[in-house]
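Derivation of every value follows stated rules applied to the coordinates shown; laboratory data play no part. Because the structure is a prediction, the values reported are computed rather than measured. Because the Cβ atoms are built from the backbone with ideal geometry, glycine has one as well, and the counts that use them run over all protein chains shown.
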Amino acid sequence: MGQKITLKIAGRDYGLTAQSEEQEATLRRAADAINSRMDAYTLSHPGNTALELMSLVALNETLFRMNVQKEMEQFKESEKQLDEDLERYLKDIK
């Protein structure tokens with residue numbers, strides 16, 4: 001059983017259960033990041049509702065995650081190519 005915590009995101013309290021201290025710290029950092037992004041969008045998009053601002057936060061975070069996933073795929077492909085090149089090199093020097 002985990003530790004019950006409360007996070008404030010966009011002015012609302014959310015009760016969650018953290019399974020470890022590390023998870024609690026991660027959840028709190030995530031909430032802080034969301035709130036920081038909300039604050040930035042509030043300044044740059046005055047008059048928008050909290051839902052509209054949260055939609056922008058979600059879009060921004062999803063785009064970031066998709067870009068990271070794409071980079072990871074490119075790294076994996078590069079690693080695969082390097083492994084193949086190394087195998088060929090090692091065969092050639094035998």
Taking every pair of distinct Cα atoms and averaging 1/r, then inverting, what Kirkwood hydrodynamic radius in Å comes out for the range 3-93? 16.5
Lys/Arg Cβ at +1, Asp/Glu Cβ at -1, dipole of the range 3-93 taken about the Cα centre: which of Pro46, Leu63, Ala25 is farthest positive-ward? Pro46
Would you grab the residues whose amide H sits under 5 Å from the one on Ile5? Only those 5+ places off in sequence or on another chain, please, with H modelled 1.01 Å from N. Leu16, Thr17, Ala18
Residue-wise, which Karplus ³J(HN,Hα) couplings in Hz belong to the range 3-11, taking 6.51 cos²θ - 1.76 cosθ + 1.60, θ = phi - 60°, and x for glycine or proline? 8, 7, 10, 10, 10, 9, 10, 6, x
